[in-house]
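Notes to accompany the following structure.
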Amino acid sequence: MTLASTWAMCQDIGGRYTAVTAASMNTIGSLGAAAAGWATGTIIDRSLSAHASTLQVAVEQLPASEKHAAIMTGFDYNFMSFAAVYAVAALCWRFIDSEIPIVAVPQFAKKS
């Protein structure tokens, strides 16, 4: 649902540099996707470690039910952090004015 409007925004603010604007948006999105994969693994790993520490056992010694509970807690933290990132992104998009181009369009003098 948002893809068309984001590409249209790139056209509006990019003007003749639409491709560069869209490529920058795409690159930043790809970096965010890579960071999300790393963050998911890190948060779940830390959730497992914290749960094992609370029970005063090693992660490998956690019973399957406790390990599952710790993993689900990690996914809950992931969901909350990703929701916060999406909320901030939506707020940032709200303040983009498509009437203002990134590069000023040169004004040509009228011939008399």
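Please treat every number below as a calculation from the coordinates, not as lab data. Given the structure is predicted, the values throughout are model-derived calculations rather than measurements. Every residue, glycine as well, gets a Cβ built from its backbone with ideal geometry; the counts of neighbours run over all protein chains shown.
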Exercise for the section: Please name whichever of 18, 30, 83 sits farthest to the positive end of the charge dipole of the chain, dipole taken about the Cα centre and charges placed at Cβ: Lys and Arg +1, Asp and Glu -1. Expected result: 18
Handout entry: Total charge dipole magnitude, the chain, about the Cα centre, Cβ charges on Lys, Arg, Asp, Glu only, Debye to nearest 20
Key = 580 debye
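Run the helix sum for the chain: -39,500 (n - 2.57) per DSSP H stretch of 4+ residues, divided by residue count, reported at 222 nm to the nearest 500 deg cm²/dmol. Walk me through the numbers on the way to the answer.
Values: 3 runs with 80 residues, N = 112.
Taking each H run of at least 4 residues, the total per residue is -25500 deg cm²/dmol.
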Completion exercise
Computed ³J(HN,Hα) along the range 3-13: with the Karplus parameters 6.51/-1.76/1.60, θ = phi - 60°, integer Hz and x for glycine or proline, the list is 4, 4, 5, 5, 5, 5, 5, 4, 5, 5, 8
Fill in the blank from the handout: Taking R0 as 41 Å and r as the Cβ-Cβ distance between residue 98 and residue 64, the FRET efficiency 1/(1 + (r/R0)^6), rounded to the nearest 0.05, comes to 0.20
Problem - Residue-by-residue Karplus 3J(HN,Hα) for the range 17-31, coefficients 6.51, -1.76, 1.60, Hz, glycine and proline x - result: 9, 4, 4, 5, 4, 5, 5, 5, 4, 5, 5, 5, x, 5, 4
Exercise for the section: Could you tell me how many degrees, from 0 to 90 and to the nearest 10, lie between the Cα long axis of helix 64-94 and the main elongation axis, the longest principal axis, of the Cα atoms of the chain? Expected result: 20 degrees
Practice task
For the range 35-41, just list the computed ³J(HN,Hα) in residue order, Karplus coefficients 6.51, -1.76 and 1.60, θ = phi - 60°, integers in Hz, with x standing in for Gly and Pro.
Solution key: 5, 5, x, 5, 4, 4, x
